[in-house]
1. What are the ³J(HN,Hα) couplings of region 217-233, residue after residue, when phi is run through the Karplus curve with 6.51, -1.76, 1.60 and θ = phi - 60°? Round to Hz, x for glycine and proline.
2. In the chain, which cysteines lack any other cysteine Cβ under 4.7 Å from their own?
3. What shape does region 77-198 take by its C-alpha gyration tensor, where a ≥ b ≥ c are the square roots of the eigenvalues and a/c under 1.5 counts as rounded, a/b above b/c as prolate, and the rest as oblate?
4. Please give the charge dipole size of region 195-282, origin at the Cα centre, charges +1 on K and R Cβ atoms and -1 on D and E Cβ atoms. Round to the nearest 20 debye.
5. Could you work out the percent of alpha carbon pairs in the chain separated by over 31 Å, rounded to a whole number?
6. Taking the convex hull of the Cα atoms, report for region 1-149 its projected area averaged over all directions, in nm².
7. Counting only trypsin sites (Lys or Arg not before Pro) that sit in a DSSP loop (anything but H, G, I, E, B) with at most 16 other Cβ atoms within 10 Å, what is the longest stretch of the chain containing none of them?
8. Taking amide hydrogens as modeled 1.01 Å from N in the peptide plane, which residues meet the under 5 Å criterion relative to SER152, leaving out close sequence neighbours?
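The values are calculated or read from the model by the stated rules, or taken from the named source; none is laboratory data. A quick note: this is a predicted structure, and the numbers were derived from the prediction, not measured. Using ideal geometry, Cβ is built from the backbone for each residue, glycine included, and neighbour counts are taken over all protein chains shown. Side chains included, ligands, DNA and RNA excluded: accessible areas come from the protein's heavy atoms. Shrake-Rupley method; radii C 1.70, N 1.55, O 1.52, S 1.80 Å.
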Amino acid sequence: MKVCVYTWGCQMNVLDSEVIEGRFAAAGYETAESPEDADVVILNTCSVRQHAENKVFSFLGKLGELKLRRPDVTIVVAGCVAQRLGADLRKRYGQVDLVVGTSRLGDLLGLVGELRGAGRGGAGRVHVEEETPAYPERAVSHRASRFQAFVSVMRGCDNFCAYCIVPYVRGRQASRPAGEVVDEVKALVDDGVKEVTLLGQNVTGYGRDRGETGALVRVLAELQRIEGLEWVKFVTSHPRDTGEDVFRAMRDLPKMCKYLHLPAQSGSDRILTLMRRGYSRQEYLDKVALLGEIAGEVSIASDFIVGFPGETESDFEDTVDLVRRVAYKNSFIFKYSPREGTAAAKLADDVPVADKKRRNNALLAVQQVQSLAHNRLFLGRTVKVLVDGPSKKDSARLSARTEGEEIVIFDGPTALAGQFVMVEITGATAITLSGRPTADGG
Ligand code: 5AD
Ligand code: SF4
């Protein structure tokens with residue numbers, strides 16, 4: 001039996017897919033190269049914007065032809081679109097055999113088994129429940145990378161930002177007990193992992209649902225004791241919950257990487273209020289300044305939404321100004337997309353598409369200048385990098401990452417994959433750094 005998993009969306013989804021693949025592998029499934037030679041095709045989907053959903057729908061269209069030719073193939077829609085649309089998905093796409101929401105992810109393997117056991121007549125099940133999902137058991141040895149791993153510290157989200165579908169498709173925030181997180185990291189490190197990234201929609205609010213405060217910093221401190229673990233990162237941080245204790249941890253704990261994803265979403269106070277973000281532009285800027293004072297040089301990344309309901313040209317200019325003021329490493333910029341059921345969906349989506357596009361491009365151009373300035377700071381420095389493997393663009397060269405998530409391209413043997421190397425930076429564009437490994441190595 002062969003399974004093939006397709007993934008859209010965020011790092012949590014990437015991790016969920018890895019966990020699903022691991023479970024299927026443990027049950028004896030092989031990996032199929034394409035849907036054509038698969039017995040089970042799983043689509044792990046994203047609902048964050050309509051565009052993300054549309055990609056899933058068009059892929060499902062193609063799978064419809066496959067299902068006609070090969071009715072024995074089991075087509076599963078999992079993840080956020082499955083959770084959001086539930087039974088409607090099967091009404092719209094008859095080729096879908098099974099809909100498994102985020103709430104039933106841990107049961108996916110069993111549900112596929114039941115369905116296939118029941119033969120073709122068993123097709124057509126929908127498994128979506130309301131409660132926050134349980135953690136599926138993870139086969140730590142089944143990973144995309146031998147030396148890097150994501151570790152989920154929480155599921156769901158309690159923030160209810162006005163635009164965001166996440167609390168509806170992933171449920172309310174549920175933090176994993178710290179002991180469980182630490183044990184999983186230990187198991188991963190025993191299996192060769194050198195870098196872990198703790199994942200959650202709101203990692204700086206980790207533990208709050210369990211009545212704990214400062215839980216993230218405590219878990220980060222515990223991870224420092226794991227021998228063989230070298231780098232620790234975490235994403236993503238809500239600016240309201242990110243403060244001095246986290247910044248001090250970044251300064252004082254030796255394995256912490258100087259990287260912070262701190263999504264601002266907008267630079268306009270009026271829009272931030274409408275978005276229900278819980279901080280002002282000045283509070284955000286003060287946090288960034290405090291981060292610099294405490295932790296020194298940190299690579300900061302952000303997310304922005306342009307064209308939120310009611311966003312005027314002047315609101316947008318405030319966002320541009322924020323990007324000019326914060327020396328972001330990079331920003332992910334999105335055009336607002338109304339999501340049914342969210343608070344913002346009740347507001348008129350009144351920024352014309354053409355304006356959203358123009359603002360998106362304009363903000364990207366400003367960020368591009370910032371990214372180049374950020375990367376040029378590395379020229380002439382020698383930095384420690386973790387080698388990922390051959391570069392995607394030029395397989396004769398290696399691609400590596402710094403602790404701040406800057407990409408570094410250099411010449412070297414593929415055997416360096418998974419190794420830490422010291423590289424002298426000799427070139428910088430807005431997207432990558434390039435350089436040469438220094439003789440003394442890492
Ligand atoms: N429209 C556009 N962008 C959105 N994001 C979340 N919801 C929406 C939406 N409805 C963006 C935010 C978030 C990132 C993952 O996606 O910037 O940080
Ligand atoms: Fe997409 Fe959000 Fe679901 Fe991640 S949690 S897959 S970003 S909808």
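1. Result, rounded to whole Hz: 4, 5, 5, 4, 5, 5, 5, 4, 7, 7, 5, x, 7, 10, 10, 10, 10.
2. Here CYS4, CYS10, CYS46, CYS80, CYS157, CYS257 come out as lacking a disulfide-compatible partner, given the Cβ-Cβ threshold of under 4.7 Å.
3. Working: a/c = 2.55, a/b = 1.44, b/c = 1.77.
Oblate is the answer for region 77-198, as a/c is 1.5 or above yet b/c matches or exceeds a/b.
4. Working: 14 positive and 11 negative charges, 76 e Å.
Its charge dipole is roughly 360 debye.
5. Details: 44090 of 97461 pairs.
In whole percent, the share of Cα-Cα pairs in the chain beyond 31 Å is 45.
6. Working: hull surface 33.6 nm².
Projected over every direction and averaged, the Cα hull of region 1-149 covers 8.4 nm².
7. On the way: sites that count: ARG146, ARG172, ARG225, ARG276, ARG381, LYS392, LYS393, ARG397.
By the stated rule (loop sites, at most 16 other Cβ atoms within 10 Å), 1-145.
8. Under 5 Å from the amide H of SER152 lie the amide H atoms of LEU199, each far enough along the sequence or on another chain.
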